[in-house]
Each structure stands twice: as structure tokens, then as C-alpha cells.
Amino acid sequence: MTKVNTVDWQSIIQLVSIEQLLWITITLFAYGLAIWIYKYFAHNILFHPIVVGAILIGCIGVVSATPLQDYLIFVRPINWMLGPVTVALAIPLYQQIRLIYAAGSKGLLVIIIGGCVAPLLAIGWLFLFDFSDPVKLSVLTKSITTPLAVDTTNIIGGIPELAAGVVVITGILGVMFSKIIFKLTRCDDSRAQGLALGTVSHAIGTARAHQIGAKTGAFSTMALCVNGILTAIVLPLVFMLFG
């Protein structure tokens, strides 16, 4: 009989250091606390779990004198989960596939225009000031989700860490001003709201879109995926050809 291979859990556990287990536990606890704070303040965007969680971890890192680079190594398994979580957004996309298909080329056109205008406006403002080229390049990926933004920024010569921070700020500001903009423009179409949130505010906007409704969340997911993929493909190609 063929011997069945079994998982050597003891060897796996030995590969994981005590510090890594400790920081993973601290990170999960901080995020859980951040979610509770977010709910306590009635989902106020100023208390978004990403912001509060980052502040908590930052404070713990300062108190424990843990360098940022060491922390990133300790929580590498959590960073790896960013990819599968992003892929999991395909579930609501599939559930609303008929409505999305009905939007057709019009929906794609909105995403493409928004995906071009948003970063160009941001980098246009930066050109008015004396910022270095890597800083300017890091802003180009501000409206796509973090895993894609970090890798794309690294390819085009930007600063991945700065890009990640800009992505978070963009998402929070986009959600904050979305209510005002939707009210001023009298936009109550769930498709338009979803496309706007997903294109400009990536994953944070998509999370907000799902709170509004399933249809809004599905269109936001589509915008998030399409804008992220196109940006991650087009930007490196542009810099290869004209850089």
C-alpha cells in the first residue's frame, strides 16, 4: 500500500518563532478592538478599523521598541492573506453578474475614465510642489487596492510603503466625501454609487458599498477589480515604453 503523506505539524511549529506568534496575536487583537471601536461610533469613517488598528499597532511598536521592518517580517502570514481576500471579492461579483453584465461597456467606460482621472489629478497637484520623482510615482496607484498598489509602485520606481499609506488615505477620504457628493449630485442609483466607490476608494470604498446594499457592493467590487487590474498592467507598460 502507498504510504499517505501526513503533515508534520511539529516541524511547521518550529519554523514559527515566538515573536511571530506574539505579533500575529497582537495584530489580530488590535484589529478586533478597532472593529469594536468602529461599531461603537456608529461606523464613523474617522474611526475606520484600518486607521485605529494602525495607530494601536504603532503605539505598541513604539513602547516595545520594535522596528517596523521586524514587525513586517513577523506578520508576513497576515500580509500574504491580502491576496486571497482580494480574490474572495469575486463572490458578490458573481452573485450580481446579471446586473453587471447589463451595464456592459458603459460601466467599463466609467471605470476606465475614473481610473485615469483620479491619479492624474493627484499627481498634477504634486507637480506644483518640489516633490521627488519616487514620491510622485507613488501617488499614481492611490486608487487601487493595497497588494496591487505595492507591487505596481515597486515596478515603476515609486516607494511601496508610501503608496500603501496613500491608498489608505485615499480610501478613507473617498468614503468621507462620498455622502456629500452623492447628496449634492442627487445620485441615488446604486450602480453609479458602487462604481464611484470602487473606482476611487478601492477596498475601503467597496466595504462601504456593501453596507449600502448588495447591488452597490457588487458594482463597487467590479470597479475595484477592473481598475486595479488595468492600472497594474498599464502603468508598468507605459513606463517600460516611455520611461
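The values are calculated or read from the model by the stated rules, or taken from the named source; none is laboratory data. Worth saying up front: this structure is predicted, and the values here are computed from it rather than measured. Don't worry about glycine lacking a Cβ; one is built from the backbone with ideal geometry, like all the others, and counts go over all protein chains shown. Accessible surface areas use protein heavy atoms only, side chains included; no ligands, DNA or RNA. Shrake-Rupley method; radii C 1.70, N 1.55, O 1.52, S 1.80 Å.
Work out how much length Phe239 to Phe29 would gain on full extension: take 0.36 nm times their residue separation and subtract the Cα-Cα distance, in nm to one decimal.
Length difference between fully extended and current span is 71.5 nm.
So if we plug the beta-carbon distance of Ile55 and Met81 into 1/(1 + (r/R0)^6) with R0 = 22 Å, what FRET efficiency do we get, rounded to 0.05?
That gives a FRET efficiency of 0.55.
Using only the alpha carbons, work out the radius of gyration and Dmax of the chain in angstrom.
Radius of gyration, then largest Cα-Cα span, for the chain: 19.9, 73 Å.
Summing -39500 (n - 2.57) over the DSSP H runs of n ≥ 4 in the chain and dividing by its residue number, what mean residue ellipticity at 222 nm do you reach, to the nearest 500 deg cm²/dmol?
-26500 deg cm²/dmol
Quick one: which of Lys106/Lys136; Lys179/Lys215; Lys106/Lys215; Lys136/Lys179 span more than 24 angstrom between C-alpha atoms?
Lys106/Lys136; Lys136/Lys179
Dipole size in debye (nearest 20) for the chain around its Cα centre, Lys and Arg Cβ +1, Asp and Glu Cβ -1?
Dipole about the Cα centre, nearest 20: 900 debye.
Using a 1.4 angstrom probe with every protein chain in place, what is the largest-first accessible-area order of Met176, Met222?
Ranking Met176, Met222 by accessible area, largest first, yields Met176, Met222.
Where in the chain are the DSSP H helices whose alpha-carbon span along the long axis reaches 30 Å or more and whose Kyte-Doolittle mean is at least -0.5?
Span-like helices in the chain: 18-40, 97-126, 160-184, 214-242.
So which trypsin sites (Lys or Arg not before Pro) in the stretch 170-243 end up in coil per DSSP with only 10 or fewer other C-beta atoms within 10 Å?
Arg186
Compare the Cα positions of Val168, Thr216, Ile144 along the charge dipole of the stretch 135-232 (+1 at Cβ of Lys, Arg; -1 at Cβ of Asp, Glu; about the Cα centre) and return the one farthest towards the positive end.
Farthest towards the positive pole: Thr216.
So what is the accessible area of the stretch 90-242 per residue, in Å², with the probe set to 1.4 Å?
Result: 54 Å² per residue.
Between Arg186 and Val135, 0.36 nm times their residue separation minus their Cα-Cα distance comes to what?
Length gained, Arg186 through Val135: 14.8 nm.
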